[in-house]
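Take a look at the structure set out below.
A short reminder: the numbers here are calculations on the coordinates, not readings from a lab. In this text, all values refer to a predicted model and were calculated from it rather than measured experimentally. Counting neighbours? That spans all protein chains shown, and the Cβs are built from the backbone with ideal geometry, glycine included.
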Amino acid sequence: PYDGPRTDEILRKRREFLSPSMFYFYRKPLNIVDGKMQYLFDEDGRRYLDAFGGIATVSCGHCHPEVVEAVVKQSNRIQHSTVLYLNHAIADFAEALASKLPGDLKVVFFTNSGTEANELAMMMARLYTGCHDIISIRNAYHGNASGTMGATAQSIWKFNTIQNGVHHALNPDQYRGIFGSDGPMYAKEVQDLIDFGTCGRVGGFIYEAIQGVGGILELAPGYLSAVHDIIKKAGGICIADEVQSGFARTGSHFWGFEAHGVVPDIVTMAKGIGNGIPLGAVVTTPQIAKVLTQRNYFNTFGGNPMCTAAGHAVLKVIEKEKLQENAFVVGSYLIDRLKSLQAKHEVIGDVRGRGLMIGVELVTDRQLKTPAKDETFHIMDQMKEMGVLVGKGGFYGNVFRITPPLCFTKEDADYLIDVMDIAMSKQ
Ligand code: PMP
């Protein structure tokens, strides 16, 4: 049993010593002290089914024994040296990771986070094309450093600092977007942005195939292939941000972009790559990778042997335990069950997603699609009281985000449905 500091003491320390901008989800915050696969445990030993997975980060399961073992083993040998020396852990993982990507995408740069990966990708696009303008999609989240905050396109995540050189395209949002699911129509607007907002050429286009923070919105079909063509014609390169949708989460494919029949020029990743160990990566072609030889490029911890050992173990577990297949089977089952729940509860306006990356949007009026923000908060809190943790997001804060560890089972899905049903019935 846990005998460490409890909720009140941690809250007091947080108030005094941690950033005043930190927030927590629940009325009564949770002190999580242990994790095991798809479960979390609080200070009283109470078990929760984790359907958020540390924001799509815990791919294999909390404290997966093989990932833990890889980290411990590597830690006992060497935790850190410098990239000036050789170590096999980083090279082995780079090779394994490259084998998961299509086409000529085989040069890997390791970083410590998704923000860093996207900062690097955007810089490479700009250097490679000689063009500063980048297009991102409204409602996107790509990070919170100076360059990526420019690409992030939701006011709640943007501080009032200089963020230049990014144009924001219409969101091909199949639920609220003006052209519904007509992807090519939204793509035309990207051409307009280039024609009327730039010199006619762009550095690149950055996108999440399924917007995560934005509320689990998969870009409308036909959009990405049309935009890839437009960007190519304008001299730019395409960057797929797979920070949430990568590493088998979408079930049908290993990467989110693959469901759209495109091959990007750069792919960025983080979160699920390390199952919770801080790690990110940029993968690109040898040709584009060359731009970084113009100057010294260096990242102290990026590709640290301990983190890359973890990443390599994650890849092996995903394959050995067939987690992509599981994400497909259990995810499809859960989406079906959520759709049945939608038939019962008026408050569910939309159920969407792919594999174990699922969104449930709540509205007070299905016709007007009025965001049910308070209800979302309340139901989420009730679900926690009944032992199930889901995430929340979307521009209006009215979308449940279901991104559990990929070892989630059908029984877990049934339990989640029962609990959500009870919480909604009590409304
Ligand atoms: N891209 C996407 C799609 C993300 O969801 C996030 C994090 N929410 C990031 C980039 C930034 O990653 P990090 O928090 O590791 O910097």
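Distance from the C-alpha centroid of the stretch 362-422 to that of the stretch 149-198: 27 Å, rounded to the whole angstrom.
If you model the stretch 243-333 as an ellipsoid using its alpha carbon gyration tensor, with each semi-axis the square root of five times an eigenvalue, the axes come out at 27, 18, 9 Å, biggest first.
You can think of it this way: the chain between Phe17 and Ser332 has 109.0 nm of extra reach, that is 0.36 nm per residue less the Cα-Cα gap. So for the stretch 330-427, Kirkwood radius off the Cα pairs, Stokes-Einstein at 20 °C and 1.002 mPa s: how many µm² s⁻¹? After rounding, the answer is 163 µm²/s.
Annotation: the residues Thr115, Thr403, sorted from fewest to most other C-beta atoms within 10 Å of their own C-beta, follow the order Thr115, Thr403. Taken over the alpha carbons of the chain as equal point scatterers, the Debye sum produces base-10 log I(q)/I(0) values at 0.11, 0.13 Å⁻¹ of -0.85, -1.19.
Given a cut-off of under 8 Å on Cα pairs at least six residues apart, what relative contact order in percent is computed for the stretch 6-131?
After rounding, I find 11 percent.
Remark: C-alpha extents of the stretch 71-215 on the principal axes read 56, 35, 33 Å, sorted largest to smallest. Contact order, relative form, for the chain: 21 percent (alpha carbon pairs under 8 Å, 6 or more residues apart, mean separation divided by residue count). Remark: Glu242, Glu385 ranked as Glu385, Glu242, counting other beta-carbon atoms within 10 Å and listing the fewest first.
Derived scalar couplings between HN and Hα for the stretch 337-353 equal 5, 5, 5, 5, 5, 4, 5, 8, 10, 3, 5, 7, x, 7, 10, 7, x Hz in order, rounded to whole Hz, by the Karplus curve 6.51 cos²θ - 1.76 cosθ + 1.60 (θ = phi - 60°), x for Gly and Pro.
One chain, two ends: Asp365 and Leu84. Fully extended at 0.36 nm per residue, the span grows by 95.2 nm beyond their Cα-Cα distance. Calculated translational diffusion coefficient of the stretch 131-196 (25 °C, 0.890 mPa s; Stokes-Einstein with Kirkwood radius over alpha-carbon pairs) equals 195 µm²/s.
Taking 20 Å as the limit for the C-alpha separation, the pairs Lys36/Lys410; Lys320/Lys384; Lys384/Lys426; Lys36/Lys426; Lys100/Lys392; Lys188/Lys232 exceed it in the case of Lys320/Lys384; Lys36/Lys426; Lys100/Lys392. Is the shape of the stretch 51-101 rounded, prolate or oblate, going by the alpha carbon gyration tensor and its root eigenvalues a ≥ b ≥ c, with a/c under 1.5 for rounded and a/b larger than b/c for prolate? The shape class here is oblate.
Per-residue ellipticity at 222 nm from helix content only, as computed over the chain with -39500 (n - 2.57) for each DSSP H run of at least four residues, stands at -11500 deg cm²/dmol.
Given charges of +1 on the Cβ of Lys and Arg and -1 on the Cβ of Asp and Glu, with all other atoms neutral, how large is the dipole of the chain about its Cα centre, in debye to the nearest 20? Here the chain has a charge dipole of around 540 debye. Taking only the alpha carbons of the stretch 20-134, we obtain Rg and Dmax values of 19.2, 57 Å in that order.
In sequence order, the stretch 91-97 has phi-based couplings of 5, 4, 5, 4, 5, 5, 5 Hz under the Karplus curve 6.51 cos²θ - 1.76 cosθ + 1.60, θ = phi - 60°, and Gly or Pro positions carry x. Within the straight-line cut-off of under 17 Å between alpha carbons, the aspartates and glutamates reachable from Lys316 are Glu66, Glu69, Asp92, Glu95, Glu325, sequence neighbours fewer than 8 places apart in one chain being disregarded. Taking θ as phi - 60° and the Karplus parameters 6.51, -1.76 and 1.60, the scalar couplings of the stretch 358-374 work out to 10, x, 10, 9, 9, 9, 8, 8, 5, 6, 7, 6, 5, x, 9, 5, 5 Hz in sequence order, x denoting glycine and proline.
Within the stretch 286-361, the ratio Rg/Rh, alpha carbon atoms throughout and Rh by Kirkwood, equals 1.26. Shape analysis of the stretch 177-310 places it in the oblate category; the axes a ≥ b ≥ c from the Cα gyration tensor give an a/c of at least 1.5, with a/b not above b/c. In the chain, the DSSP beta bridges split such that about 70 percent are antiparallel, to the nearest 5.
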